[in-house]
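The values are calculated or read from the model by the stated rules, or taken from the named source; none is laboratory data. Fair warning: this is a prediction, and the values are worked out from it, not measured in the lab. Cβ: placed from backbone, ideal geometry, glycine included. Neighbour counts: every protein chain shown. Only protein heavy atoms, including side chains, enter the accessible area calculation; ligands, DNA and RNA are left aside. Shrake-Rupley method; radii C 1.70, N 1.55, O 1.52, S 1.80 Å.
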Amino acid sequence: MSSRQGLHPSQLVAVAFTAIILAGTFLLCLPIATNSGEQTPFLDSLFTATSATTVTGLSTLDVETHWNLFGHVVIALLIQVGGFGIVSFATLVALLLDGRVSLKNRMSTSSEVGTAGADVKAMLRNVLKIMLFFQGLLFVFLTVRFLTHYDYDLAKALGHGAFHALSAFNNAGFALYSDSMIQFARDGWILVPIFVTVFLASVGFPTIVEIRDRSKLWLAEKFNRELNYTMPAQWSLNSRIVLWGSFVLLIVGTIAVGFLEWNNPKTFGPLTPLDKVLDSIFASVMPRTAGFNSVDYLNMTPSTLLVTDILMFIGGASVSTSGGIKIGTAVVLFFIIYTEIRGEAAVNIGNRRLPRSMQRQALTIVGITAFVIVGATILMRLTTNFTLDQILLEVFSAVGTVGLTAGVTPNLPEADKFLVTLLMLFGRLGPIVVATSLALRRTKRHFEYPRERPLIG
C-alpha cells in the first residue's frame, strides 16, 4: 500500500497503541494520580502506561502505594483498552454508532488479531461478550471473598474485585498489592478462580467461541432443541492445536516447577503437598502470560527460572490477550522439525497440510523474537549488575508481556527502563506487525536467480 493511500493496517495498529500509551503517560504524570500529590517522572509514567496498555504488568513503582484511586483507574482503563485492542475498540465504537464496519477498519482489525477474511462484526461482538462475561464472573468471586474473609469494606472489595478481574482476564498481571498475590498464596478461593480465568483467556477468543458453540449444539441435541446453525463434526485445526498445546504446557510446566521447587526451603519446601501442587499450577499458568505470582521469584532455583522463561517465550494462543510467540507458532515449528527429521515433503498436523507461507511466518516470528531477546539481554548485561538469570527473566517477561520479575524492574537504570518499555511494546504488537510496519512497501521480483544449495548443519 502506497503512502498516498494512507497507513498500512499494521502501521495503524502501531500508531494507535503508541497514541494511547502517550495519553496514558500524560494522565499518570499528573500530580492527581499519586498518593503523594507529586508529579511522577515521565519515564516511570511512560513505563507504567506501556506496561498497562501492552497488558504486561511490570512496574518500576509500587502500584499499591504510589498511585491513588485516579491512578489505579487510569491503569485499569489502559489494561482494558490494551486487552481489547485499540483498533478493535475503535471498530466496535463505529459499529455501535452506525452498525457498519468500513473496509479499512476490517483490514486493521484483522491485522491486529491475526485473522484474514473473518467476520469482524461477529468477532468483535463475541470478544466483547466473552470479556465481560468472564470478567464479571471473576469479579463476583473475588468481591464476595474479599467481603467475607478479609474484612474489606464494600467499596474496597468492589474496587479490588473489579481491578483484579479485569487484570486477570486481560493477562495483565497488575495487582493492587506490593507482593502481587503472595499474601493470598494459601487461599484457593482467590488463586483458583484467578488461574482458571487466566488459562481460559490464554486459549484465545476463536477457541472459546468454538467451545461455546459446540456446547450449545451438544445441549440442543441432548434436549431435542433446534439451533439456527450447524458445525463440522471435526474441531477446527486451530482449536485442536491450542487446546492440546495448552494442556501439554500446563501439565509439563506444573510437573517441572513442582519437581524443581518441591524441597526448596525458600519457596515450596515448608508447604503441605496440596499447597505445593496449587502453587505449581499457579506458577505454570501465570507465565502464559498473566504475571501474577504466589511466591517470590528471587527465591526460585535457576532451573525453575529457565522453565519459566520457556513458558513465557511460548505464551498463549493467537487472538487472545496473551503474549509470546503463541502456541500455534510453537506447534507449527515443532512439526516443521518433525517433518524434516522424517524426511517428508509436506508439513502435516493431524489430517491437515500447512501452507508454506504459514511455515515461513512461524520461522520469521521465532527468528525475530529470538534476535530481540538476545540483543536486549546483551545490552542489559553490559549496563546492569544483575545476574544472567534475573536479566533473562526480565527480558522474556517484557517480550512475552508477562509481568514477572526477580526484583529487577524497580532497580533498572533509566536507559534500561526505556529499553524494557520498547520490549513490552514489541511484545504486544508482535514481530510480524513490527516488521510489516517498518517495511513501507513490498517489492515484487520479476525474475529468479539460479538455484544453488549451500552447506548447512
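Among the conditions (1) within 26 Å of Q135 (Cα to Cα); (2) polar (S, T, N, Q); (3) surrounded by 16 or more Cβ atoms within 10 Å (Cβ to Cβ); (4) touching a residue at least 60 places away in the same chain (Cβ under 8 Å), the only one that T65 does not satisfy is (3). Looking only at residues of the stretch 238-273 that are farther than 19 Å from I310 by Cβ and among the small types (G, A, S), we find that the one that is least open to solvent (accessible area, probe 1.4 Å) is S239.
For S45, the requirement of being modelled with pLDDT of 95 or more, assigned to a helix (DSSP H, G or I), farther than 20 Å from M181 by Cβ and open to solvent by less than 20 Å² (accessible area, probe 1.4 Å) is met.
Test F418 against the stated conditions and say whether it is surrounded by fewer than 17 Cβ atoms within 10 Å (Cβ to Cβ), of a type in the set (A, V, I, L, M, F, W, C) and modelled with pLDDT of 95 or more. So F418 passes the test.
Candidates S178, S202: the one that is over 14 Å from Q80 (Cα atoms), open to solvent by less than 10 Å² (accessible area, probe 1.4 Å) and at pLDDT below 95 is S202.
Is it fair to say S318 is polar (S, T, N, Q), in contact (Cβ under 8 Å) with a residue 24 or more places away in the chain and open to solvent by 10 Å² or more (accessible area, probe 1.4 Å)? Against the criterion (polar (S, T, N, Q), in contact (Cβ under 8 Å) with a residue 24 or more places away in the chain and open to solvent by 10 Å² or more (accessible area, probe 1.4 Å)), S318 qualifies. Candidates are the residues of the stretch 375-405 that are in contact with an Asp or Glu (Cβ under 7 Å, 6 or more places away or on another chain) and either open to solvent by 20 Å² or more (accessible area, probe 1.4 Å) or of a type in the set (A, V, I, L, M, F, W, C) (or both); the one that is farthest from S178 (Cα to Cα) is T383.
Looking at the structure I just gave you, is V140 modelled with pLDDT under 90 and either touching a Cys at 6+ places or on another chain (Cβ under 7 Å) or assigned to a helix (DSSP H, G or I) (or both)? Judged against the criteria, V140 is not a match. Residues of the stretch 261-279 that are in contact (Cβ under 8 Å) with a residue 24 or more places away in the chain and either in contact with a strand residue (DSSP E or B) (Cβ under 7 Å, 6 or more places away or on another chain) or of a type in the set (K, R) (or both): K266 alone. Does T329 meet the test of being modelled with pLDDT under 95, out of contact with any Asp or Glu (no Cβ under 8 Å at 6 or more places or on another chain), over 30 Å from L124 (Cα atoms) and open to solvent by less than 20 Å² (accessible area, probe 1.4 Å)? Answer is no for this residue. The set of residues from the stretch 281-312 being buried (at least 21 other Cβ atoms within 10 Å of the Cβ) and in contact with a Gly (Cβ under 6 Å, 6 or more places away or on another chain) comprises S284, R288, T289, A290, G291, F292, L311, M312.
Of the residues making up the stretch 221-237, those that are surrounded by 13 or more Cβ atoms within 10 Å (Cβ to Cβ) and without any contact (Cβ under 8 Å) to a residue 60 or more places away in the chain number 3. F139: of a type in the set (F, W, Y), under 22 Å from T56 (Cα atoms) and open to solvent by less than 30 Å² (accessible area, probe 1.4 Å), yes or no? Spelling it out, it is not the case that F139 is of a type in the set (F, W, Y), under 22 Å from T56 (Cα atoms) and open to solvent by less than 30 Å² (accessible area, probe 1.4 Å).
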